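Right, one structure below, let's go through it.
The values are calculated or read from the model by the stated rules, or taken from the named source; none is laboratory data. What you see is a predicted model, and the numbers here were worked out from it, not measured in a lab. As a convention, Cβ positions derive from the backbone with ideal geometry for all residues, glycine included, and neighbour counts pool all protein chains shown.
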Amino acid sequence: MRLSNNAEEILERLWIMTMETGKKTAGFKELKTAKNAPEVEELIALNYIDVSEKGIALNKEGMKEAEDAVRRHRLAERLMIDVFGIRKNLMEDTACQFEHLIRKAVEENICTLLGHPKVCPHGKPIPRGRCCRKGSRSPKSIVSSLADAKKGTKGKVAYLHTGDNKKLRKLMTMGILPGVLVEVVQTFPSHVFQIGHMQVAVDREMAGDIFIRLARRPGR
Ligand SMILES: [Zn+2]
Ligand SMILES: [Zn+2]
């Protein structure tokens, strides 16, 4: 059954709270809902939540469903930024509406298209899907990490994925910024890229933090 948007939002908020703070139950007010609200009744009927005096908590089934919803939300955000080029401050509303349209079959295609991104534009982890675990790299992929890019690959930096501020600063001082055109010059023993007139060398781990929107793929 297709969940209502409000019910899906509640699942997402509960999941994020549980994962980030370890707290399991959220009050109705905190969730901007009420005990007799239709979305709460909907979640009870589907057996996704446990309701008590204190509020709502996700049960095991609910956690799974919620994780999928968060995954769709964060993939939608990536899609907005990487593919549609929508600005971050305009992204939220569009992503929120878009995530509800992404269903199971499409979700894996989008994930593959984006190169199985690990984080959303806010730096929050995107729960892995079946497609990511298989590590499928479709030829349709338009975003790739530089660690996976072959020699000769060209593209513009789409985003930097690192939770580490020091590393992020290092990448940025090397001139690796979103929108900058890079070309892979060498992939072994270190990854070397051409950026403008400069050549930059990074180790494999750092190359894995740089995601580019592919301009063309060599040998295709
Ligand atoms: Zn996000
Ligand atoms: Zn994936």
Quiz prompt | Meets criteria (surrounded by 18 or more Cβ atoms within 10 Å (Cβ to Cβ) and more than 16 Å from ligand 2 (Cβ to nearest atom)) for A34 | solution = no
Quiz item: Any residue at all in the stretch 55-66 that is assigned to a loop (DSSP other than H, G, I, E, B) and at pLDDT 85 or above?
Solution: yes
Quiz item: What tally of residues in the stretch 198-220 results from selecting those that are surrounded by fewer than 14 Cβ atoms within 10 Å (Cβ to Cβ) and either outside any helix (DSSP H, G or I) or modelled with pLDDT under 85 (or both)?
Solution: 8
Practice problem: Being within 13 Å of ligand 2 (Cβ to nearest atom) and either among the hydroxyl-bearing types (S, T, Y) or loosely packed, with under 13 Cβ neighbours inside 10 Å (or both) narrows it down to one of T173, T112, T162, so name that one. | Solution: T112
Quiz prompt | Neighbours by Cβ (under 6 Å, 6+ apart or cross-chain): first from the stretch 184-197, surrounded by 13 or more Cβ atoms within 10 Å (Cβ to Cβ); second in a loop (DSSP other than H, G, I, E, B) and of a type in the set (S, T, Y) | solution = V184/T153
Practice problem: Of all residues in the stretch 1-45, count the ones that are at pLDDT below 95, within 23 Å of R103 (Cα to Cα) and either assigned to a loop (DSSP other than H, G, I, E, B) or more than 23 Å from the chain's Cα centre (by Cα) (or both). | Solution: 4
Self-check item: Check on F193, modelled with pLDDT of 85 or more and part of a strand (DSSP E or B)
Solution: yes
Quiz prompt | From the options H100, H122, residue that is away from ligand 2 (no atom under 13 Å from the Cβ), modelled with pLDDT of 85 or more and surrounded by fewer than 21 Cβ atoms within 10 Å (Cβ to Cβ) | solution = H122
